[in-house]
Protein chains: 4
Amino acid sequence: MEAFSDGVFAIVITILVLEIKVPEEKGSELWHGLWEQWPHYAAYVVSFLIIGVMWVNHHTIFVHLKKVDRPLMFLNLLVLMVVSVIPWTTSVLAENLTDAESASIAAVLYSAWTVVYALAFLGLWWHVTRVGHLFHERVDKDGARATRLRFGLGAVAYPLTVVLSLFSATLTLAAHFLIALYYAANQIPIPLVVEEERLESASDLRK
Amino acid sequence: MEAFSDGVFAIVITILVLEIKVPEEKGSELWHGLWEQWPHYAAYVVSFLIIGVMWVNHHTIFVHLKKVDRPLMFLNLLVLMVVSVIPWTTSVLAENLTDAESASIAAVLYSAWTVVYALAFLGLWWHVTRVGHLFHERVDKDGARATRLRFGLGAVAYPLTVVLSLFSATLTLAAHFLIALYYAANQIPIPLVVEEERLESASDLRK
Amino acid sequence: MEAFSDGVFAIVITILVLEIKVPEEKGSELWHGLWEQWPHYAAYVVSFLIIGVMWVNHHTIFVHLKKVDRPLMFLNLLVLMVVSVIPWTTSVLAENLTDAESASIAAVLYSAWTVVYALAFLGLWWHVTRVGHLFHERVDKDGARATRLRFGLGAVAYPLTVVLSLFSATLTLAAHFLIALYYAANQIPIPLVVEEERLESASDLRK
Amino acid sequence: MEAFSDGVFAIVITILVLEIKVPEEKGSELWHGLWEQWPHYAAYVVSFLIIGVMWVNHHTIFVHLKKVDRPLMFLNLLVLMVVSVIPWTTSVLAENLTDAESASIAAVLYSAWTVVYALAFLGLWWHVTRVGHLFHERVDKDGARATRLRFGLGAVAYPLTVVLSLFSATLTLAAHFLIALYYAANQIPIPLVVEEERLESASDLRK
């Protein structure tokens, strides 16, 4: 399951580049043609970072699991389905970013899709922390459950980008970049049972 | 073999998204353009679910095998070949779903291909259960063989969708969604030798 | 190295399907459009089988190796480079198969490329059998070296398809299908040191 | 992390071939059409070799690491982002290589991108050698640190290709081929603690 998911993330993050086209301008116009594609480069970088951070979070959860149940299998398929669509929302945004009218529509689509992703991911995390028995023994299950509120609050940033999309598509893209950077630097750690406690309980057993 | 197959499934399920195009409409027409592509979104979701369930079934079989023989290797290549074509049948269906005349043709193609897949998969399962010695020791081989009838009966749903395709392409797509959901929730389990029996035979050996 | 190579084979075999386009015909013309694409389906099946057999052979060699040296690393990159081009030679052949004049040109390209692949693969096998020390201990190195002639003779079939290409592109495609089927059924096995010999040499050591 | 990176490298190196198009010429013009695409073949071979060598270097570093910290995770994402763009710079170069005016622009882009890659890779290597504790025990950390200068000096070849790009795009492509060949043959080895030292320190411990 984890190898399959890692494969999907690796493919999605790599085929993102198919969204950047070769400029049709020839001759000295090529510089101009390359320059005019800046929305594609910007959208590529932001989506690459978003998917990369998603993968890191996804990977972090799965290394703390010792088994997978059927609901998790399908919640995970849902997460992968949502991730796989990102190259398309990225293309739509990049194509329309400099169009006065359609830019905000494309930005709403792009931002709304991050909300969908956040919900799918929260659903997966909710299930894992609720059933508990999928975790490795060393995971502090109550602590993991307690992260759900913080996890959920953090996801509020995404609906806000939907609102921002109505005003400026370019600012929205910048906001997604900053949010991804924030999550890159501030992952919610999955709490482990602390060493001392384990030593204590081990010595308790020996008495 | 299993890593290779998982790789193929992961790539097929991910390149499905290349079938959804960026609308050419600009300006305020973008909403309309996005809306008009609903057959692509619907076909994407259904095919993603179908391939995802296929992968889960495929994976379930392979984790119960301890070795691979040459016929299995080529039956497996056949299954992968059939799976790899699904992004194309999906595109053909999505392109034609709202066309009065060609919709049913595209739906017949899409449905017939699921029949081909079911046959290839049944062939693989038939071979594995017939030779028996490819299974891990803990698999109940007679029980596994007994699943073939139920497996085969379940596959009757696919030819029925070919018939349905002649009447309504949209209903056919919905039927495939429901069948995939059904298989997602009701996988035929591969029976294992029960614990008690193993304990008994173990104690028999000790006498 | 092996995981990387398996990944490349899995991707090449999967993106082959991108060569089959969605017919542009709408309405009742769709059947006709689907039918007219038969060269694409035929070329897809043949190339899928060729790459599948290549992968099986490649995999068989690598599971008998215990380490990789630098020349092998680059001979392997060469093999992967040649394999990765097959989706393109497949497309060129499929696009031109029914054109009276260009069919033979495309068939020569397709067939010549299989010669290039056979040479690259022979080079890899030559290197592995010549240096010997990359094999696992249980491989019969002299026996492996002896397969080189048979391996090389088998490769004569490929230059013959180049000649056949000048006469009929369709027959050439059929010939490639048959050759791939032959190799699927008659792989040259990598000889292992037989059990008895190992037991003998082991008892010799004990004296 | 390593499986994910290997997956990205495998996908990037394989989708390079999507950059080679099927010639539109039919009939006896096909030879001409195939011939006219030589810039695409040349660019394909050079980029395949460049990415292949990058992968070998990347792989060599990661097999010498025993763990990954957060900065390394994001430096690695940066390296993968830069690598993933190479199919696009390759396409731009191939499309423009025979255009009198735009060839040098495309060559500057292609060459500048190798500078970006070299910088990203140096950043990763700098971090790994600076913190030290990510290496396996058997790695000679001071020796690894000492390779940084040689590593950095080697990277000077890339800015020189940017200058060469202003004069001849074709020579630039040839230069990249030679540089990649050079790096293929002369990888900077990661020094290991020599056996003798380890034996000595082991015997010291026994006293």
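Would you confirm whether any residue within segment C:51-60 is small (Gly, Ala, Ser) and within 14 Å of chain D (Cβ to nearest Cβ)?
In the first step, residues of segment C:51-60 are kept if they are small (Gly, Ala, Ser); the result is C:52.
Then keep just the ones that are within 14 Å of chain D (Cβ to nearest Cβ); that gives none.
Checking segment C:51-60: not a single residue is small (Gly, Ala, Ser) and within 14 Å of chain D (Cβ to nearest Cβ).
When you check A:VAL45 against the structure, is it touching a residue at least 12 places away in the same chain (Cβ under 8 Å), within 30 Å of D:LEU97 (Cβ to Cβ) and either out of contact with any His (no Cβ under 8 Å at 6 or more places or on another chain) or of a type in the set (Lys, Arg) (or both), yes or no? Even if it seems obvious, please write down each step before you answer.
On the way: touching a residue at least 12 places away in the same chain (Cβ under 8 Å): yes; within 30 Å of D:LEU97 (Cβ to Cβ): yes; either out of contact with any His (no Cβ under 8 Å at 6 or more places or on another chain) or of a type in the set (Lys, Arg) (or both): yes.
Considered against the rule, which asks whether it is touching a residue at least 12 places away in the same chain (Cβ under 8 Å), within 30 Å of D:LEU97 (Cβ to Cβ) and either out of contact with any His (no Cβ under 8 Å at 6 or more places or on another chain) or of a type in the set (Lys, Arg) (or both), A:VAL45 comes out as yes.
Return the total of residues in segment B:59-74 being of a type outside the set (Phe, Trp, Tyr), open to solvent by less than 40 Å² (accessible area, probe 1.4 Å) and within 17 Å of B:ARG130 (Cα to Cα).
Residues meeting the conditions: 6.
Kindly indicate the residue of segment B:11-29 that is facing chain A (nearest Cβ under 9 Å) and in contact with a Leu (Cβ under 9 Å, 6 or more places away or on another chain) and also surrounded by the fewest Cβ atoms within 10 Å (Cβ to Cβ) among those meeting that condition.
My answer is B:LEU18.
Which helices (runs of 4 or more DSSP H) does segment C:128-207 wholly contain that include 2 or more residues that are of a type in the set (S, T, N, Q) and at pLDDT 75 or above?
Output list reads C:157-165, C:169-185.
Any idea how many residues of segment C:30-48 are open to solvent by 20 Å² or more (accessible area, probe 1.4 Å), of a type outside the set (Phe, Trp, Tyr) and within 9 Å of another protein chain (Cβ to nearest Cβ)?
1
Picking from B:ALA112, B:ALA103, which residue would you name as being small (Gly, Ala, Ser) and more than 16 Å from B:ALA180 (Cα to Cα)?
None of the other options fit; the residue is B:ALA103.
For segment A:102-112, check the following and say yes or no: at least one residue is open to solvent by 60 Å² or more (accessible area, probe 1.4 Å) and not acidic (Asp, Glu).
no
Every residue, every condition in (1) touching a Cys at 6+ places or on another chain (Cβ under 6 Å); (2) more than 19 Å from D:THR14 (Cβ to Cβ); (3) of a type in the set (D, E, K, R), yes or no:
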{"position": "D:TRP31", "(1), (2), (3)": "no, yes, no"}
{"position": "D:GLU36", "(1), (2), (3)": "no, yes, yes"}
{"position": "D:PRO39", "(1), (2), (3)": "no, yes, no"}
{"position": "D:TYR44", "(1), (2), (3)": "no, no, no"}
{"position": "D:ILE51", "(1), (2), (3)": "no, no, no"}
{"position": "D:THR60", "(1), (2), (3)": "no, yes, no"}
{"position": "D:LEU65", "(1), (2), (3)": "no, yes, no"}
{"position": "D:PRO71", "(1), (2), (3)": "no, yes, no"}
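Given the criteria in contact (Cβ under 8 Å) with a residue 40 or more places away in the chain, more than 23 Å from A:ILE13 (Cβ to Cβ) and within 9 Å of chain A (Cβ to nearest Cβ), does D:ALA106 qualify?
When the stated conditions are applied, D:ALA106 passes them.
Exactly one of these conditions fails for C:TRP88: (1) at the interface with chain D (Cβ under 9 Å from one of its Cβ atoms); (2) over 18 Å from the mean Cα position of the chain (by Cα). Give me its number.
The single condition C:TRP88 does not satisfy is (2).
Given the conditions (1) farther than 30 Å from B:VAL68 by Cβ; (2) open to solvent by less than 10 Å² (accessible area, probe 1.4 Å), report the number of the one that B:SER5 does not fulfil.
All conditions are met except number (1).
The values are calculated or read from the model by the stated rules, or taken from the named source; none is laboratory data. Please read all numbers here as calculations on a predicted model, not as lab measurements. Note that we place each Cβ from the backbone using ideal geometry, even for glycine, and neighbour counts take in every protein chain shown. What goes into the accessible areas is simple: the full protein's heavy atoms, side chains included, and nothing from ligands, DNA or RNA. Shrake-Rupley method; radii C 1.70, N 1.55, O 1.52, S 1.80 Å.
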